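Visitor: What follows is a single structure, and I will ask about it in a moment.
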Amino acid sequence: MKEFLNVALPKGRLGERVYAMFAQAGFPCEELLDPKRKLIFENPEAGVRYFWVKPSDVPVYVERGAADVGVAGKDILLEYGPEVYELLDLNIGRCRMCVAAKNGFRDDPERTLRVATEFPHITRTYYTARSRDIDIIRLHGSIEIAPILDLTDVIVDIVETGTTLKENGLEVLEEICPLSARVVVNQVSMKMENERIMKLIRDIKTVI
């Protein structure tokens, strides 16, 4: 048995909420809250080692075995399709993946639909299932501007409250799927550390 379960946490507000749940479930690590620039934090008594990583990198650390356990948004899991076990929905960071366009937009199925997104795989999968011909334009950040400037017809993006869309004269056309933070586990770790991982999952369930 390893001394620690390695846990990859996403940097930012979501990661802080995730850590609070882990701590409440009995896996605290006080030094993690220290503002110093440490990257790895250990609690030998609880048998956990935490580290902060970019949210989109969490599945990489878990899939490759650098982390036994991690927490990633469902959007990241759908986009990259890592070979990990998804064991638990933490029911936090809830939002939606949606198609949005300028108010009053009407799709013309006779022409290729231009779509701006940070999520090309999710977008392609969604429209392929509908046999819709699309041209994906990959953008990073503030993609609401794309249809306003007529770069694209629609966008596929994460929508939390919809306020930004409304403020820019856009509206949700379709919801692709709901999103939230999920606990994922390395496939080998699930076999080798099954008892400890399942205890972790059971304890976290008590605080959801």
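The values are calculated or read from the model by the stated rules, or taken from the named source; none is laboratory data. Values in this document were obtained by computation on a predicted structure and should not be read as measured data. Quick reminder, even Gly has a Cβ in these numbers, built from the backbone with ideal geometry, and neighbours come from all protein chains shown. Remember, those area values only see protein heavy atoms, side chains included, never the ligands or the DNA or RNA. Shrake-Rupley method; radii C 1.70, N 1.55, O 1.52, S 1.80 Å.
Visitor: Could you grab me the full set of residues in segment 1-23 that are open to solvent by 70 Å² or more (accessible area, probe 1.4 Å) and more than 22 Å from the chain's Cα centre (by Cα)?
Guide: Once the filter is applied, which keeps residues that are open to solvent by 70 Å² or more (accessible area, probe 1.4 Å) and more than 22 Å from the chain's Cα centre (by Cα), segment 1-23 yields Met1, Lys2, Glu3.
Visitor: Sticking with this one: State which residue is nearest to Pro59 (Cα to Cα) when the search covers only segment 156-193 and only residues that are free of Cβ contacts under 8 Å to residues at least 60 places away in the same chain and of a type outside the set (A, V, I, L, M, F, W, C).
Guide: Applying the filter and picking the extreme gives Lys191.
Visitor: Another one. Please enumerate the residues belonging to segment 136-169 that are assigned to a loop (DSSP other than H, G, I, E, B) and of a type in the set (A, V, I, L, M, F, W, C).
Guide: Leu139, Ile143, Leu149, Leu151
Visitor: Still on this structure, please answer the following. Restricting attention to segment 160-208, which residues are in contact with a Cys (Cβ under 9 Å, 6 or more places away or on another chain), among the polar types (S, T, N, Q) and open to solvent by 60 Å² or more (accessible area, probe 1.4 Å)?
Guide: Thr161
Visitor: Test Arg37 against the criterion of being open to solvent by 60 Å² or more (accessible area, probe 1.4 Å) and either of a type in the set (A, V, I, L, M, F, W, C) or in a loop (DSSP other than H, G, I, E, B) (or both), and give yes or no.
Guide: yes
Visitor: Let me ask you something else. Mind checking which residues of segment 63-90 are assigned to a loop (DSSP other than H, G, I, E, B) and not charged (D, E, K, R)?
Guide: Residues satisfying the conditions are Gly65, Ala66, Ala67, Gly81, Pro82, Val84, Leu90.
Visitor: Let me ask something else. Somewhere in segment 124-135, is a residue of a type in the set (Asp, Glu), assigned to a loop (DSSP other than H, G, I, E, B) and modelled with pLDDT of 95 or more?
Guide: Yes - at least one qualifying residue is present in segment 124-135.
Visitor: What do you reckon, is Gly93 under 18 Å from Tyr19 (Cα atoms), outside any strand (DSSP E or B), open to solvent by 20 Å² or more (accessible area, probe 1.4 Å) and touching a helix residue (DSSP H, G or I) at 6+ places or on another chain (Cβ under 9 Å)?
Guide: yes
Per-residue answers, yes or no, for (1) surrounded by 17 or more Cβ atoms within 10 Å (Cβ to Cβ); (2) among the β-branched types (Val, Ile, Thr):
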| site | (1), (2) |
| --- | --- |
| Pro59 | yes, no |
| Val69 | yes, yes |
| Pro82 | yes, no |
| Asp108 | no, no |
| Arg111 | no, no |
| Pro120 | no, no |
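Visitor: I've got another one for you. Do we find that Gly65 is at positive phi and surrounded by fewer than 19 Cβ atoms within 10 Å (Cβ to Cβ) in this structure?
Guide: The answer is yes for Gly65.
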